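Shown next, in structure tokens, is the structure this report addresses.
The values are calculated or read from the model by the stated rules, or taken from the named source; none is laboratory data. Remember, predicted model here, so these are calculated numbers, not experimental data. In this analysis, Cβ positions are derived from the backbone assuming ideal geometry, glycine residues included, and neighbour counts consider all displayed protein chains.
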Amino acid sequence: MRKTILLTGATGFLGSHLLERFLKENYKLIILKRSFSDIWRIKDLISEVSSYDVDKVDLRIIFKENKINYVVHTATNYGRKGEPASQILRDNLLFSIELLEQAAFFNTDTFFNTDTLQYKYLTNYTLSNKQFTEWLKKFAESEKIKIVNLKIEHMYGPKDDDNKFVMWLVKQLLDDVPEIKLTKGEQKRDFIFIDDVVDAYSKVLLEPDLNYFSELEVGTGKSIPLKHFINVIKSEVEKRKIKKNFTKLNFGALEYRTNEPMEIKVDNKKLIKLGWSPKIEIYKGVELLINSKMGNK
């Protein structure tokens, strides 16, 4: 019998890629969105899923109407549009707790949560995620539902938001802006391509012997300087241009943000043990990203 996944954040970057993969893997999909959500990423897939607008339908009704095997929770509010802390708290903590409550009450097997590694740089977003992790642990103690918390480092790829750093940078370079002001770029990050992140979710969904609380770090296991990653993107953009109008990258023009971590390391040993491994290295990932972006330009 086909397993049913309740997927939140399906209209977003990660969620849309997961939706495409889960459909290919023959899961039955139920997605949660808002009535006003922009569905451009999934417009060709929306007819293949059941969809509920969470601003109009009570979560309890959704669980009563469907036998849900797994919840894959990717919906989040990053606070990039200037939302107040109270709104971020409602979206990232209170809604998530209610979702978890209903999943546990209706005997859902496993709740897969999407988390971040960047707790040292505490924005309202990362703080709300950290607080929800404590609630995940509390629910796992009841042994009514399994919890898998996937902590993702810096993922990138096609269909990401233009206001996120990588896509913003690509757009600036494609638009031939004269100069981009940047920090020195010495901070190290683990950049992981979206397909490898999706592979991690797919692999963990099939893992039968999970503890009631499992935490997995999702990344390549290799941190590189931000400056190197930026230069790879610049090089990939420029070699495709007919007009050689090159943007100046002004490294050091900006100060580092307060409390910004200079290196984030990913320990992906648990995922490796499950048979997962990252397949797309930086140069290939950037090539795929630029190709998709220029195709949409």
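Being under 18 Å from the mean Cα position of the chain (by Cα) and either without any contact (Cβ under 8 Å) to a residue 60 or more places away in the chain or surrounded by 14 or more Cβ atoms within 10 Å (Cβ to Cβ) (or both) is the filter here; which residues of region 62-83 pass it? Give the derivation first.
Just the residues of region 62-83 that are under 18 Å from the mean Cα position of the chain (by Cα), to begin with: 70-81.
Correct list: 70, 71, 72, 73, 74, 75, 76, 77, 78, 79, 81.
Of everything in region 240-297 that's modelled with pLDDT under 90 and among the polar types (S, T, N, Q), which residue is nearest to residue 156 (Cα to Cα)?
Of everything passing the filter in region 240-297, 296 is nearest to residue 156 (Cα to Cα).
For region 181-202, what are the residues that are under 21 Å from residue 157 (Cβ atoms) and of a type in the set (Val, Ile, Thr)?
Scanning region 181-202 gives 192, 194, 197, 198.
With out of contact with any Lys or Arg (no Cβ under 6 Å at 6 or more places or on another chain), closer than 24 Å to residue 34 by Cβ, in a loop (DSSP other than H, G, I, E, B) and β-branched (Val, Ile, Thr) as the only criterion, which of 114, 108, 126 stands out?
Details: 114 fails: in a loop (DSSP other than H, G, I, E, B); 126 fails: in a loop (DSSP other than H, G, I, E, B).
Just a single option satisfies the conditions, and that option is 108.
If you check 128, 86, which single one turns out to be touching a residue at least 24 places away in the same chain (Cβ under 8 Å) and out of contact with any His (no Cβ under 7 Å at 6 or more places or on another chain)?
Within the list 128, 86, the selection yields 128.
Any residue in region 45-61 that is without any contact (Cβ under 8 Å) to a residue 40 or more places away in the chain sitting within a Cβ distance under 6 Å of a residue that is surrounded by fewer than 12 Cβ atoms within 10 Å (Cβ to Cβ)? List the pairs, counting only those 6 or more apart or interchain.
Matching pairs, first to second residue: 53/35; 55/35; 56/35.
Considering every residue within region 216-231, establish whether at least one is polar (S, T, N, Q), free of Cβ contacts under 8 Å to residues at least 12 places away in the same chain and assigned to a loop (DSSP other than H, G, I, E, B). Give the derivation first.
Step one: filter region 216-231 for residues polar (S, T, N, Q), giving 220, 223, 231.
Of the ones still in play, those that are also free of Cβ contacts under 8 Å to residues at least 12 places away in the same chain are none.
No, the conditions are met nowhere in region 216-231.
Which one of these is more than 22 Å from the chain's Cα centre (by Cα) and closer than 22 Å to residue 148 by Cα: 108, 11, 4?
Values: 11 fails: more than 22 Å from the chain's Cα centre (by Cα); 4 fails: more than 22 Å from the chain's Cα centre (by Cα).
The unique qualifying residue is 108.
Within region 171-196, work out how many residues are under 13 Å from residue 257 (Cβ atoms) and either touching a Ser or Thr at 6+ places or on another chain (Cβ under 7 Å) or hydrophobic (A, V, I, L, M, F, W, C) (or both).
So the answer is 1.
Can you pull out the residues in region 140-168 that are touching a helix residue (DSSP H, G or I) at 6+ places or on another chain (Cβ under 6 Å), outside any strand (DSSP E or B) and modelled with pLDDT of 95 or more?
Once the filter is applied, which keeps residues that are touching a helix residue (DSSP H, G or I) at 6+ places or on another chain (Cβ under 6 Å), outside any strand (DSSP E or B) and modelled with pLDDT of 95 or more, region 140-168 yields 145, 157, 158, 159, 160.
Scan region 185-215 for residues that are modelled with pLDDT of 95 or more, in a loop (DSSP other than H, G, I, E, B) and not small (Gly, Ala, Ser) and jot them down.
So the first thing to find is which residues in region 185-215 are modelled with pLDDT of 95 or more, and the list is 185-205, 212-215.
Then keep just the ones that are in a loop (DSSP other than H, G, I, E, B); that gives 185-187, 190, 212.
Across region 185-215, the qualifying residues are 186, 187, 190, 212.
Any idea how many residues of region 138-180 are in the same structural domain as residue 40 (by TED's automatic domain parsing) and surrounded by fewer than 14 Cβ atoms within 10 Å (Cβ to Cβ)?
Result for region 138-180: 5.
Look at region 263-286 and say how many of its residues are surrounded by 13 or more Cβ atoms within 10 Å (Cβ to Cβ) and over 20 Å from the mean Cα position of the chain (by Cα).
1
So which residues in region 270-288 are in a helix (DSSP H, G or I) and touching a helix residue (DSSP H, G or I) at 6+ places or on another chain (Cβ under 7 Å)? Explain how you work it out, then say what you get.
Initially, region 270-288 is screened for residues in a helix (DSSP H, G or I), giving 270-273, 282-288.
Correct list: 271, 282, 283, 286, 287.
Got a sec? Which of 94, 59, 32 is farther than 22 Å from residue 218 by Cα and touching a helix residue (DSSP H, G or I) at 6+ places or on another chain (Cβ under 6 Å)?
Sole residue among the options that is farther than 22 Å from residue 218 by Cα and touching a helix residue (DSSP H, G or I) at 6+ places or on another chain (Cβ under 6 Å): 59.
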